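One structure is given here, and the rest of the page talks about it.
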Amino acid sequence: MSDILLIMIVAFIVMLAMNVPIAIAIAMSSFLAIFATGGDANYTVAMKMANGVDSFALLAIPFFILSGIIMGRGGIATRLIAFANALVGWFPGGLAFVNTLTCMFFGAISGSSAAAVSSIGGFIIPEMTKKGYNREFSVAVTVTAATTGLLIPPSNIMIVYTVVVGGGISVGAMFMAGIIPGIITGLSIMAVCAVIAIKRGYKAEKDVNLQRWKPIVMLILVVEMIICVVLIGTGSNIVHFKILSLPISFTFFGNTLGIIINIYVYTLWILQIVITALICFKTFRNAFLGLLLIVIVIGGILGGIFTATEAAAIAVLYAFILAVFVYREIKWKDMPQILLQSGRTTAVVMLLIGASSAMSWLLTTENIPQTVSQALLNISDNPIVILMIINVLLLFVGTFMDMTPAVLIFTPIFLPVVEELGMHPVQFGIMLIANLCIGLCTPPVGSCLFIGCGVGKTSIAKVTKPMLPFFGAMAFSLLLITYIPAISLWLPKLLDLIKK
């Protein structure tokens, strides 16, 4: 190991142990390594940081951040929760399903897992607690489900990844590649929710209330009883009756009473479906304008109408019109605070990107990607083993490093290895993001975990155990993404965004 690399690693670890902000730790460790070896550290680090953020594609990030904040404060969250409740609230443990689905919706709209945790969690965690759900379970659901928004487009981290890789892949290809993996991860989390809900006896959130429809049901029942008696009195058999009346698959008894019971049960069942459909339609209509943002952004990019950066600017305009003029949840006096919050978040992200670019340049100069690639290939020539090792290393990295610097630093290191194994860069990008999403939910630097615990008014120690089944679900999804290329590549290939 060269002196410059040793100094950088030691300095980075020491500053992390001292709780120095990670962006400062990355930049200063690179600076000290170059300075200690006699290089022009001031010029080199400053130049690499400036070059790192000098990208047209990265302009999309501040716009998506701003649109996400506007959406979060613009009344979108409550409308999405109502729509998700109509869709999945009737499952056992319905609020847990609602929580997961809403986080998937909102994470996709805002492009931010942190925004999903704070916006959705701030409303639904207290609601779940009030309905008898364990508080730590509610926080665990919210924290893990919020990360699906980084896989379902639009996603800021996908833009960062395409910038690191270069011109080989497009933002549109990455966006499309993340849809199926994001849905699979969400469904895996829902499966865990279902098992826990059944085990703990959590009830459905909301049964369709038929009481207001009782007079109509009784009228239908009386009419069908008369029809039934008349038909059987005239000698009609049961088969003839089934053809004329509702689609009855079997009868409890071969007599008039049994047929009437079946008719009544099926009438209630059909009526319940109709009422549920009406409720879904009403809540979808309220949430439609918010969900339309995804269609505008993705459709515009795929249709060649605008670039990802232009799409982000259009997202800001659309979110502003929706929140200020349509929903009227945001007042003009709120805009300075929103812009300030957006500027602060953007500054943090750009500082991370610039600092990580300097470290990435240093690692490349020291031939670290080639060294790591050769070392891993010397361990085994089995792709399954190599990919498992890479995932384990990334899981470890994700526990102490934020997602953005991790993508910037480790993409140049591991991408040559997986390409040697035949993995497409788009699939590796989705695998990398899915892996690091787990890190957002783990201490000591899991940002989603900290926000979730703050919103849920609980501690990390109490949430850790309830999180374990959800970690298992996310790890299962990660393995599927890693070893089944079609999960990530089928949709981009179908849309001709990547080569066959």
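The values are calculated or read from the model by the stated rules, or taken from the named source; none is laboratory data. For clarity, every value in this text was computed on a predicted model and none was experimentally measured. We place every Cβ from the backbone using ideal geometry, glycine too, and count neighbours over all the protein chains shown.
For the reader, a short list of remarks on this structure follows.
Here's the yes/no breakdown for (1) β-branched (Val, Ile, Thr); (2) at pLDDT 90 or above:
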| site | (1), (2) |
| --- | --- |
| 69 | yes, no |
| 75 | no, no |
| 83 | no, no |
| 87 | no, no |
| 116 | no, no |
| 128 | no, no |
| 168 | no, no |
| 173 | no, yes |
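- Screening residue 52 against (1) farther than 20 Å from residue 361 by Cα; (2) in contact (Cβ under 8 Å) with a residue 12 or more places away in the chain; (3) of a type outside the set (Ser, Thr, Tyr) leaves a single unmet condition, (1).
- The set of residues in region 308-345 being among the aromatic types (Phe, Trp, Tyr), surrounded by 13 or more Cβ atoms within 10 Å (Cβ to Cβ) and modelled with pLDDT of 85 or more consists of 318, 320.
- Test: residue in region 139-150 that is touching a residue at least 24 places away in the same chain (Cβ under 8 Å) and in a loop (DSSP other than H, G, I, E, B): no
- Checked across region 439-458, the condition of being more than 24 Å from the chain's Cα centre (by Cα) and farther than 19 Å from residue 178 by Cβ holds for no residue.
- Qualifying residue in region 59-74 (condition: of a type in the set (Ser, Thr, Tyr) and outside any helix (DSSP H, G or I)): no
So that you can scan it fast, the table gives a plain yes or no per residue for (1) over 14 Å from the mean Cα position of the chain (by Cα); (2) under 22 Å from residue 60 (Cβ atoms):
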| position | (1), (2) |
| --- | --- |
| 132 | yes, no |
| 143 | no, no |
| 156 | no, yes |
| 163 | yes, yes |
| 170 | yes, yes |
| 176 | no, yes |
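- In this structure, residue 422 does satisfy being assigned to a loop (DSSP other than H, G, I, E, B), outside the structural domain of residue 149 (by TED's automatic domain parsing), free of Cβ contacts under 8 Å to residues at least 60 places away in the same chain and more than 28 Å from residue 9 (Cβ to Cβ).
- If you go through region 377-387 and keep only what is of a type in the set (A, V, I, L, M) and either touching a residue at least 60 places away in the same chain (Cβ under 8 Å) or over 15 Å from residue 428 (Cβ atoms) (or both), you end up with 377, 379, 384, 385, 387.
- Of all residues in region 151-185 being of a type in the set (S, T, N, Q) and part of a helix (DSSP H, G or I), the one that is surrounded by the most Cβ atoms within 10 Å (Cβ to Cβ): 185
- Top-ranked residue in region 371-387 [being surrounded by 13 or more Cβ atoms within 10 Å (Cβ to Cβ) and over 33 Å from the mean Cα position of the chain (by Cα); ranked as farthest from residue 410 (Cα to Cα)]: 374
- Qualifying position, being among the β-branched types (Val, Ile, Thr), farther than 28 Å from residue 353 by Cα and either in the same structural domain as residue 360 (by TED's automatic domain parsing) or at pLDDT 90 or above (or both), among 433, 487, 438, 386: 487
- Residue 352 of a type outside the set (Val, Ile, Thr), surrounded by 13 or more Cβ atoms within 10 Å (Cβ to Cβ) and either outside the structural domain of residue 47 (by TED's automatic domain parsing) or at pLDDT 70 or above (or both): yes
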